[in-house]
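Read the figures in this text as sums done on the coordinates, not as results from a lab. None of these values were measured; they are calculated from a predicted model. Positions of Cβ are backbone-derived with ideal geometry, glycine not excepted, and every protein chain shown enters the neighbour counts.
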Amino acid sequence: MKITLSNILCLFLAAFSLMACTIHLDDEDRTVTVYTDPSFRGQREQRTEREGKCANVPDSVNDRVESIACNGDITVYEHEDCRGASRRFTCDIPNLNDFGWADRISSIRF
Ligand SMILES: [Ca+2]
Ligand SMILES: [Ca+2]
């Protein structure tokens, strides 16, 4: 291969996008804390998962969540295994009563 400026530029760009890709992978974890009362009060449960993963809320807080602290966006579901009615939220969510979602959530897509 003849080394030209465009070859060098291409290699540089490839290395850079690989690096950006690796950094992005590290950013994909979402930590979600659910609370059984508004304004991040009451009983709490915390869980960290890869973005896109569906997780059921623990039995102890099933259908009892009223506020959620999280990073990024999450989708909440009425039933377990990310089934039933759903809604996408931008974090944090201080009061699910405002959206008709209090005491209803059974699973979350991170
Ligand atoms: Ca409550
Ligand atoms: Ca439910």
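Are there any strands (runs of 3 or more DSSP E) wholly within the stretch 39-110 with 3 or more residues that are farther than 22 Å from Asp29 by Cβ, and if so which?
On the way: elements: 41-50, 54-56, 67-70, 73-79, 83-90, 107-109.
Because the criterion is at least 3 residues that are farther than 22 Å from Asp29 by Cβ, the strands (runs of 3 or more DSSP E) in the stretch 39-110 that meet it are 41-50, 83-90.
Can you give me the number of residues within the stretch 75-110 that are of a type in the set (Val, Ile, Thr) and surrounded by 20 or more Cβ atoms within 10 Å (Cβ to Cβ)?
In the first step, residues of the stretch 75-110 are kept if they are of a type in the set (Val, Ile, Thr); the result is 75-76, 90, 93, 105, 108.
Add one more test, that the residue is surrounded by 20 or more Cβ atoms within 10 Å (Cβ to Cβ), and what stays is 76, 93, 105, 108.
Here the count works out to 4.
So the check is Cβ under 9 Å with 6+ separation or different chains; which pairs have a first residue in the stretch 37-51 that's at negative phi and a second one that's within 11 Å of ligand 1 (Cβ to nearest atom) and of a type in the set (Asp, Glu)?
Listed pairs, sorted by first residue: Asp37/Glu66; Pro38/Glu66; Arg41/Glu66; Gln43/Asp37.
Cβ-Cβ below 8 Å, separation at least six or inter-chain, first residue in the stretch 75-86 and free of Cβ contacts under 8 Å to residues at least 60 places away in the same chain, second among the charged types (D, E, K, R) and within 16 Å of ligand 1 (Cβ to nearest atom): which pairs?
Final answer for the pair search is Glu78/Arg104.
If you take the residues in the stretch 35-91 that are of a type in the set (S, T, N, Q) and under 11 Å from Ser107 (Cα atoms), which one is farthest from ligand 2 (Cβ to nearest atom)? Working first, answer last.
Just the residues of the stretch 35-91 that are of a type in the set (S, T, N, Q), to begin with: 36, 39, 43, 46, 48, 56, 60, 62, 67, 71, 75, 86, 90.
Now drop any that are not under 11 Å from Ser107 (Cα atoms), which leaves 56, 62, 75, 86.
Working: Asn56: 10, Asn62: 7, Thr75: 14, Ser86: 11 Å.
Across the stretch 35-91, the extreme among qualifying residues is Thr75.
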